[in-house]
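First the structure, in the form of structure tokens, and then the observations on it.
The values are calculated or read from the model by the stated rules, or taken from the named source; none is laboratory data. All of these numbers come straight from a predicted model, not from anything done at the bench. Counting neighbours? That spans all protein chains shown, and the Cβs are built from the backbone with ideal geometry, glycine included. To get the accessible areas, we keep the full protein, side chains included, count just its heavy atoms, and leave off ligands, DNA and RNA. Shrake-Rupley method; radii C 1.70, N 1.55, O 1.52, S 1.80 Å.
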Amino acid sequence: MAIDWSALSQEAKPYIRAVSVYLCSRLIILLAADFAGTYLTLWKPDLWQSGSRWYDHLLRWDSEWYAGIAERGYHYDGVPTGDLQPVVFYPAYPLLSRFLAEITGISPTVALLVVANIAAVLAVLLLFRMVRRHFDDEVALLSVALLSFYPGSLFLSAGYSEGLALLLILCCFTLLDDRRYIAASVAAGLALATRFVGIVLIPVLLWNLWLKFRADRRRFVVYAVACLLIASAGLWTYMLYLEMAFGHPFAFADAQAAFNGDTSLASRLIASVTLQPLLRLRLTDFSPAGLDQWFFFLLLGLTLSAWRRLSVSLTLFSLGALLVPYLTLGGGPAGFTSMTRFGVLAFPAFIVLAELCRRSALLCFATLGLFGAVLALHSALFAQWYWVG
């Protein structure tokens with residue numbers, strides 16, 4: 001059977017364009033980091049350094065924690081306040097990086113970047129395919145462009161877990177589109193083992209199962225129970241490990257107190273529900289921490305308008321991807337800090353923005369220009385250990 005190379009080439013071209021757009025945004029990050037290395041001093045020269053190579057600029061802040069887990073595993077002293085401890089970081093990303101390091105001989109820190117960047121490219125391809133399937137090539141390419149130049153996309157290429165989490169989340173949605181519910185549950189479970197926001201995939205799964213089996217309640221219950229066990233496995237297996245290793249299955253949640261001014265999860269949740277973070281808005285603060293609030297509200301507004309444009313599943317996930325970090329962290333002293341980074345996983349909001357940008361070339365260029373400028377600024381600051389999320 002002869003292979004129609006011409007047809008394959010035509011089919012591949014849209015995906016090549018999507019990846020090219022994403023790579024252009026990565027060039028901005030690398031150029032900004034190189035510029036910062038020449039003209040911007042380190043925030044604190046005594047902070048952890050993985051090396052002096054060009055890509056070491058992408059290994060900052062949480063990368064140190066992931067590198068430590070990949071090299072030495074977890075530790076926990078049983079005291080949730082005071083010292084920062086690695087148990088708050090979910091295991092899939094550092095363990096996959098460690099596995100890659102062991103089979104290839106590269107260092108764990110390099111493996112962190114390899115895993116993150118390969119996952120991000122695959123995520124871009126899946127996002128393009130998904131949006132193209134439900135909309136058209138123009139909206140799909142704009143969605144990729146907006147996500148790629150969005151300032152929080154810096155963390156798709158850094159030594160962070162966002163790239164892997166986004167890939168697994170998009171795998172889950174892709175499998176749901178194909179009605180492969182068990183496989184989608186596996187992807188959801190792995191996403192939950194990567195970042196806690198993967199918990200939002202569980203109601204998405206249950207909603208899709210209800211749409212499929214609502215005429216057969218018994219079959220719905222069987223599938224729902226099986227998928228729930230699998231999709232939550234990333235969390236309960238980690239809790240089982242924490243119980244066996246440290247005698248505290250909720251160490252991952254309690255240890256967040258040290259990262260949030262020694263506040264408990266309950267107090268942060270109550271503060272968030274009662275909208276106390278809104279009382280601390282810094283409307284004239286245009287630092288990276290100040291911009292976090294604006295990007296959060298931008299993505300939240302796009303999500304709330306999505307019910308007319310997107311499926312219930314996509315709208316539900318985008319809303320959950322924004323509210324989970326807000327509810328669990330926003331009530332602490334940091335407020336909306338890091339919401340720009342967390343927002344990169346709310347990919348349906350970028351689909352809504354892409355539809356809006358398609359209608360107006362001015363809005364499209366203005367948005368991409370603003371996103372690109374802030375992405376360059378954040379990349380330069382991040383490279384020199386300034387906090388940007």
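Overview of results
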{"quantity": "Between the range 71-94 and the range 135-167, the Cα center-to-center distance that results, in Å", "calculated": "28"}
{"quantity": "Student exercise, the chain dipole from Lys, Arg, Asp, Glu Cβ charges, in Debye to nearest 20", "calculated": "1160"}
{"quantity": "Mean separation of Cα contacts under 8 Å, 6 or more apart, over the residue count of the chain: relative contact order %", "calculated": "24"}
{"quantity": "Selection from Y326, W307, T194 lying farthest towards where the dipole of the chain points positive, charges on Cβ", "calculated": "W307"}
{"quantity": "Principal axis dimensions, largest first and in whole angstrom, of the range 99-164 by Cα", "calculated": "42, 23, 12"}
{"quantity": "Net charge dipole size for the range 233-352 [Lys, Arg +1 and Asp, Glu -1 on Cβ; Debye, nearest 20]", "calculated": "440"}
{"quantity": "Two-decimal ratio, the range 129-248, of alpha-carbon radius of gyration to 2.2 N^0.38 Å", "calculated": "1.22"}
{"quantity": "Electrostatic dipole magnitude of the range 82-199 [Cβ: Lys, Arg +1; Asp, Glu -1; Cα centre; debye, to 20]", "calculated": "200"}
{"quantity": "For the range 218-284 versus the range 313-365, the gap between their alpha-carbon centres in whole angstrom", "calculated": "20"}
{"quantity": "Computed [θ] at 222 nm, helices only, for the chain once each DSSP H run of length n ≥ 4 contributes -39500 (n - 2.57)", "calculated": "-22000 deg cm²/dmol"}
{"quantity": "Positive-end extreme of charge dipole, the chain - chosen from A226, G261, L242 (charges on Cβ)", "calculated": "A226"}
{"quantity": "Convex hull of Cα atoms in the chain, direction-averaged projection (nm²)", "calculated": "22.3"}
{"quantity": "P(r) weight above 16 Å for the range 298-374, C-alpha pairs, percent", "calculated": "54"}
{"quantity": "Largest to smallest accessible area among W43, W61 [probe 1.4 Å]", "calculated": "W43, W61"}
{"quantity": "Whole-Å distance, taken between Cα centres, linking the range 23-50 and the range 178-192", "calculated": "37"}
{"quantity": "Relative contact order of the range 51-121, pairs being alpha-carbon contacts under 8 Å that are 6 or more residues apart, as %", "calculated": "32"}
{"quantity": "Fraction of accessible area attributable to carbon and sulfur, the chain (%, probe 1.4 Å)", "calculated": "68"}
{"quantity": "Positive-pole candidate from A101, L27, G82, dipole of the range 1-147, charges at beta carbon", "calculated": "L27"}
